[in-house]
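The values are calculated or read from the model by the stated rules, or taken from the named source; none is laboratory data. Keep in mind it's a predicted model, so treat the numbers as computed, not measured. Here the Cβ positions follow ideal geometry from the backbone for every residue, glycine too, while neighbour counts run over all protein chains shown. The accessibility values were calculated without ligands, DNA or RNA, using every heavy atom of the protein model including side chains. Shrake-Rupley method; radii C 1.70, N 1.55, O 1.52, S 1.80 Å.
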Amino acid sequence: MTSMLPARTPAPATPPAAMPAPTPAPTPNGVPATAPRPTGTAAALRPAAPVGRARTAATWTAVAATVPYLGLKLLWLTGHPVGAGDADAMDELWLVNLLTFGMDAVAVLLALSFVRPWGRRAPAGLVAFPMWVATGLLGTVLVALPLFLLATLLLDPDQAPPAADDGPSGWVFPVVYGGFAVQGVALITGFLLYARERWAGLLRHDRIGDLPRSPTLTTQRAFACVAAPLAAGVAAARVYWASGGTTGLPPEWREYRGRGVAVMDGVTAVMAVAAGAALLLLVFRGRPGWRLRGPLAVVWTAAGSLFGWGSWQLVAFGTFTAAPDPRRAVPGLMTLVEAAQVVSGLLVLAVGAIALAERSAARAVPDTAWATAVPRSGRAADVESAQ
């Protein structure tokens, strides 16, 4: 009976149910370790995130604010002493004018980097270092200018310098420093918006107590313990000069010290104290419940002011070591104070660079372009939204 049944064809073997692939373990930042970074054509074709209107407005305002100063310097460099007073002095100051023209041109490039695609691809240090110096220079002007104007309104008019007839015309000061004030506000605003997009994951919702006790903390504290006393010495000297002291000043500066110079000395003293105090607060983890952004902004601005203005004064004013015998010439007190400003600013910069590099490596914050390429699922979406 069974022989009359058709031969049974063996059923094809059913493959076992596919086992789900193991989910790769997430890295500390929540992005799967195997999540590929987009490379090649795919990365190049993905559109960049649009630039907000606020950042665009800040950028072009900063660029426009440089035009009067750049135009004035260009006239002076080409032999047209418009508003300069003494035409012969412009020939002697051509190197200083060229340097200041270049500094403002760098500010234009910085502003453009906040909105142009090449600015997003630029190395972090290529943007951060000149912006640190610019924040110090322009931030000091933003603090000193209102104080100077207030002192002019409340006190008697400042005495005129001995060679007032040879000085710049009256309209040069408001044009130059008014442009600096607008440029400072716009450039700093544009940078904050740029940094919020590029480095948001580094400093978001953190407090001083959350800073890690890294292996280099001893080195950071050692640098801070050198920078803070140097800054304190700078502050003491600047307060003395702002109060009318003349010891250590060049002979040509002892007869006349304008109110603007005194205000700048006072602001520099405040910057020096703020830089040292905020740095010690960060490296020794004082006030662990305080937000990190406040002390970090103080250190950034104050240390940039010390370094920027100290470097500028060393270059612009020289060393003031004129002596009959150059072999016996020693740096004057003013030169030593300016050098101390530069060194203390560099030490603060070194501490910040070490700390931020370690923080970035520890948190492994992905680049903005990479984060947008990771699928919006699970912890990867959380990481992208946090940025």
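Structural remarks
- Heavy-atom SASA rank of THR218, THR189, THR140 (probe 1.4 Å, accessible area, largest first): THR218, THR189, THR140
- Prolate/oblate/rounded call for segment 216-315, Cα gyration tensor, a/c under 1.5 rounded: prolate
- In Å², nearest 10: area of ARG293 left accessible to a 1.4 Å probe: 150 Å²
- For segment 93-132, a Kirkwood radius taken over Cα pairs fed into Stokes-Einstein (10 °C, viscosity 1.306 mPa s) yields D = 145 µm²/s.
- Between ALA64 and LEU192, the FRET efficiency from the beta-carbon distance, with R0 = 22 Å, is close to 0.70.
- With θ taken as phi - 60° and the Karplus curve 6.51 cos²θ - 1.76 cosθ + 1.60 applied, the whole-hertz 3J(HN,Hα) list for segment 239-255 is 5, 4, 5, 5, 7, x, x, 10, 4, x, 7, x, x, 6, 9, 6, 6 Hz, x standing for glycine and proline.
- Each residue, LEU147 and ILE354, gets one label point 7 Å from its Cα in the Cβ direction; the gap between the two is 3.1 nm.
- Relative to the current alpha-carbon distance between TRP290 and VAL106, full extension at 0.36 nm per residue lengthens the span by 62.8 nm.
- Solvent exposure ordering (accessible area, 1.4 Å, most first) of ILE208, ILE188: ILE188, ILE208
- Solvent-accessible area per residue for segment 178-267 (1.4 angstrom probe, square angstrom): 48 Å²
- Accessible surface of VAL239 - all protein chains present, 1.4 Å probe, nearest 10 Å²: 80 Å²
- Rounded accessible area of LEU211 (nearest 10 Å², 1.4 Å probe): 30 Å²
- If R0 is taken as 51 Å, the Cβ-Cβ distance between GLU92 and ARG53 corresponds to a FRET efficiency of 0.65.
- Close amide-amide hydrogen proximity is noted between TRP290 and ILE208, GLY209, each under 5 Å apart and 5 or more residues distant or on a separate chain (H modeled in the peptide plane; Pro and chain starts excluded).
- Residue ranking by accessible heavy-atom surface, 1.4 Å probe, largest first, among LEU112, LEU138 comes out as LEU112, LEU138.
- Across segment 134-147, coupling constants 3J(HN,Hα) worked out from phi with the 6.51/-1.76/1.60 Karplus curve, θ = phi - 60°, read 5, 4, x, 5, 6, x, 5, 5, 5, 7, 6, 4, x, 5 Hz, and Gly and Pro carry x.
- Under Karplus coefficients 6.51, -1.76 and 1.60, residue-wise ³J(HN,Hα) of segment 297-311 in Hz, glycine/proline x: 5, 5, 4, 4, 6, 5, 5, x, 5, 4, 5, x, 6, x, 5
- Length added when fully stretched, GLU255-ARG213, from 0.36 nm per residue minus Cα-Cα: 9.9 nm
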